[in-house]
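Below is one structure, written out as C-alpha cells, with a few remarks after it.
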Amino acid sequence: MNTRPFTSGLSENAVMITRVADRQWHALDDDLVVGRGHAEHRPDGRLFVSIDAWHDATFDRLAEAMLAQLPAPLYTVVDEADVELTAGWRRAGFAIRRREWEYAVPTDPRITGLEAVLPPSGVTIVPAGQADESLLRAVDRAIRDEVEATVGWQSMPAEVITRPEGDTIVDPSKYAVAAAPDRYLGLIRVVTVNRPRIGLVAVRAGEQRRGIARALLAHALGTLHRSGFAAAWTEVHESNQAASALFEGIGARPMSSNRELVR
C-alpha cells in the first residue's frame with residue numbers, strides 16, 4: 001500500500017491518499033473515507049479511471065496520486081450533465097476526446113416496426129453463438145478497415161475501438177451475423193449484464209442500404225423481446241448520423257450523453 005498525506009482543509013487532520021488494492025485508492029480524513037478512486041482495463045485494452053469524492057480538493061488529491069502511479073494514456077467517461085466532474089478531470093489534465101449519445105431502444109416489434117422485416121434475398125441471419133469464428137473475424141476486420149479508411153474507427157462506440165493486437169472480437173458468442181453463402185456481410189453484438197446493450201451494428205460497405213442492418217436489429221431485438229426485455233441500450237457517436245437515424249427510425253430515444261476524456 002502507498003500512503004501519501006495531503007493538507008485538505010476538510011479538518012485539522014491531513015487527508016491520507018491510500019492505495020488499498022491493485023488500481024484502487026481511498027482518501028481518508030481522520031479515518032473517514034471521503035473519496036475513492038478506481039482504474040480498470042476495458043475490453044479494448046484501454047485503461048479507464050474514475051473518482052468519487054465529496055470535495056474538489058479530495059478529488060484533486062486522488063487524481064494526483066492515481067496519475068502518478070498509472071501509465072498513460074488514461075481515459076474516463078463522464079455524464080455530460082455532470083459539469084463539476086468534467087471540471088475536475090479537466091483540472092487533472094484530461095481533454096474531451098469524443099461525445100456519445102445513449103439511446104433506450106424498444107424491443108417490441110409492434111413499436112419498432114421490425115415485425116415483418118426479413119433479410120434480403122440470399123442473406124440469412126446466424127444467431128449469436130452459432131457464427132463461424134474465422135468468418136466472423138474476417139467480416140470484423142473488413143468492416144474495421146472500411147471504417148478506418150472513411151470516418152475513422154474512433155467514430156465507433158468506445159468499447160469496440162481496436163485493441164493493441166488489432167482484434168475487436170472480444171467474445172465471439174455475443175455476435176449474430178448476416179451471412180451470404182460464402183462470407184459474412186454484417187454483424188451485431190449484444191451483451192447482457194444488468195441490462196441488454198447493443199455494442200455494435202455494422203455492415204460491409206458494399207452491402208449497405210439493402211436492409212441488412214435493419215434485419216440484424218429485427219433479429220436481435222426480437223430475441224431480447226421474447227426473453228422478457230422491454231428495452232435495450234446503445235451508444236452512438238455524435239458524428240454518426242447514419243446510426244442515429246437507424247435507431248431513431250425504430251423508436252429509440254436519446255436518454256443522455258456522455259463525454260470521453262483522455263490524458
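Quick notes
- Matching entry among Arg91, Arg99 (being more than 24 Å from Gln24 (Cβ to Cβ) and either open to solvent by less than 40 Å² (accessible area, probe 1.4 Å) or of a type outside the set (Asp, Glu) (or both)): Arg99
Yes/no matrix, rows are residues, columns are (1) among the polar types (S, T, N, Q); (2) touching a helix residue (DSSP H, G or I) at 6+ places or on another chain (Cβ under 7 Å):
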{"residue": "Ala176", "(1), (2)": "no, yes"}
{"residue": "Ala180", "(1), (2)": "no, no"}
{"residue": "Arg183", "(1), (2)": "no, yes"}
{"residue": "Gly199", "(1), (2)": "no, yes"}
{"residue": "Arg214", "(1), (2)": "no, no"}
{"residue": "His219", "(1), (2)": "no, no"}
{"residue": "Asn240", "(1), (2)": "yes, yes"}
{"residue": "Met255", "(1), (2)": "no, no"}
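- Looking across Thr58, Thr107, Thr124, Thr76, one residue alone is open to solvent by less than 10 Å² (accessible area, probe 1.4 Å) and in the same structural domain as Ile250 (by the TED database). It is Thr107.
- Scanning segment 73-91 for residues that are of a type outside the set (D, E, K, R) and in contact with a strand residue (DSSP E or B) (Cβ under 9 Å, 6 or more places away or on another chain) yields Pro73, Leu74, Tyr75, Thr76, Val77, Val78, Ala81, Leu85, Thr86, Gly88, Trp89.
- Applying the criterion of being touching a residue at least 40 places away in the same chain (Cβ under 8 Å) and over 16 Å from the mean Cα position of the chain (by Cα) to the residues of segment 231-247, the residue that is farthest from Ile212 (Cα to Cα) is Ala231.
Here is a yes/no grid of residues against (1) part of a loop (DSSP other than H, G, I, E, B); (2) modelled with pLDDT under 95:
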site: Glu12; (1), (2): yes, yes
site: Val20; (1), (2): no, yes
site: Asp44; (1), (2): yes, yes
site: Asp52; (1), (2): no, no
site: Ala57; (1), (2): no, yes
site: Gly88; (1), (2): no, no
site: Ala104; (1), (2): no, no
site: Ile111; (1), (2): no, no
site: Ala116; (1), (2): yes, yes
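- Test: Ser121 is of a type in the set (S, T, N, Q) and out of contact with any strand residue (DSSP E or B) (no Cβ under 9 Å at 6 or more places or on another chain): yes
- Of all residues in segment 153-205 being among the basic types (Lys, Arg) and at pLDDT 90 or above, the one that is surrounded by the fewest Cβ atoms within 10 Å (Cβ to Cβ): Arg183
- Every residue from segment 226-263 that is open to solvent by 20 Å² or more (accessible area, probe 1.4 Å) and assigned to a loop (DSSP other than H, G, I, E, B): Ser227, Gly228, Phe229, Ala230, Glu238, Ser239, Asn240, Gly249, Gly251, Arg263
- Odd one out for Glu148 among (1) farther than 29 Å from Arg195 by Cβ; (2) acidic (Asp, Glu); (3) open to solvent by less than 40 Å² (accessible area, probe 1.4 Å): (3)
The values are calculated or read from the model by the stated rules, or taken from the named source; none is laboratory data. What you see is a predicted model; the values in this text were computed from it and never measured. Neighbour counts are summed over all protein chains in view; Cβ atoms, including those assigned to glycine, are modelled from backbone coordinates with ideal geometry. What goes into the accessible areas is simple: the full protein's heavy atoms, side chains included, and nothing from ligands, DNA or RNA. Shrake-Rupley method; radii C 1.70, N 1.55, O 1.52, S 1.80 Å.
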